[in-house]
Each structure stands twice: as C-alpha cells, then as structure tokens.
Amino acid sequence: MKCEEISKELVAYLDRRANSAERRAVEEHLSACAACHARAEDFRKLWGVLDEMQVIEPSLGFDARVRARAEAELRSRWFGWVVPQPRLAFSMALLAALTVWMARLPAAPAPSITASQVELAEQEDFNAIKDLGVLENYDVLTKFDALSELPPLPARQRTQPRPSDAVTND
C-alpha cells in the first residue's frame, strides 16, 4: 500500500475499527515504512495525552443560554427577510438598467406606403400571373364540378363490390 492510502486508514487502525484485512495491510506497511510508523506513534501519544485530560461538563443552564442567545439574535434581525441576497439585488439592478436603456433607444420610423406604391405592387402581381395558362379559364375551373356531371348508379351496382375494389394484403 502507498503512504496516502495508509494515512486514510491509520485512524481506523489505531481506534481498532478496521477489519482484520485492513489491519494486516496497515501493519505490514508500518513495519516497512519508518515515516508512517513515526506518524502512527505520534497519533498514539496524542491520544494518550487526550485520554489523561479531565472531561469538562457544561453547566446545567448552558444549553438553555445558547438557545436563548440564538433566538434573541434571530429576533433582532426581523428585517432580514426584506434585505435581498446580493446576487438577487445585483440581477434586479441589472434588469432595471437594461429596461431603462431599451426604453431610451430611438424608435424606428414606420414605413410610409403611398397609394402609388400600392398600385405598383398590384401591377407587379398582375404581371406575374397574367401569362399563366392555368388561370386563363379560372372562372370555368372554379365552377366546374365533375362529379355532378356523372349519371347516378343503379341500386344493384352500388351493393356489389367490383373486382378492382378487392383489398389485397401484400
């Protein structure tokens, strides 16, 4: 194992929380690496000193005093919900500046179309379609109804399917 991997597992090894395979790997590395062995010994000495220190218990009202101070601090900042976050304030100011800038831009003049320009456009449209052969008989084509010209079929022919109407499933 490398020293970086051992440094991650060293605390678990010294606390005896590592499993047997991890303990064996750490012990093998500590026997081969003097720097990691010295570091492990330093940890053991530090924990020995910490174990010798007297445990200080907080006073009976410590918890109540901490909670009261935290609540008092929250009450003193009643206006905190009014003050926006810096990013929000910056984005709102930027939006307002952009709105003012866009409002002050000069408006583009509306194009004025004269009667002569309208007549010219209509004349160009007419010239484009006057030579089309299909539109030559436009009135005849719009009033032509080919199906109304067909004679009605006899009743027996309507019920019998024709061979050309057979459906194929190819």
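Need the full-extension length gain, Lys2 to Ala89, defined as separation in residues times 0.36 nm minus the C-alpha distance. One decimal, nm.
Details: separation 87, 0.36 × 87 = 31.32 nm, distance 5.02 nm.
This chain segment gains 26.3 nm when fully extended.
Evaluate the charge dipole of the range 3-52 about its Cα centre and quote only its size in Debye, nearest 20, assuming +1 on the Cβ of each Lys and Arg and -1 on the Cβ of each Asp and Glu. Please report the intermediate quantities before stating the final value.
On the way: 8 positive and 11 negative charges, 18 e Å.
Computed charge dipole of the range 3-52: roughly 80 debye.
Taking other residues whose beta carbon is less than 13 angstrom from the beta carbon of Val118, and scoring Lys, Arg as +1 and Asp, Glu as -1, yields -4.
The packing ranking, built from the mean of other Cβ atoms within 10 Å per residue, places the peptides 28-39, 116-127 in the order 28-39, 116-127, highest first.
Where a number appears in this text, it was derived from the coordinates with a stated rule and is not lab data. Please read these numbers as outputs of a predicted model, since none were measured by experiment. With ideal geometry, Cβ positions are generated from the backbone for all residues, glycine too; neighbour counts draw on all protein chains shown.
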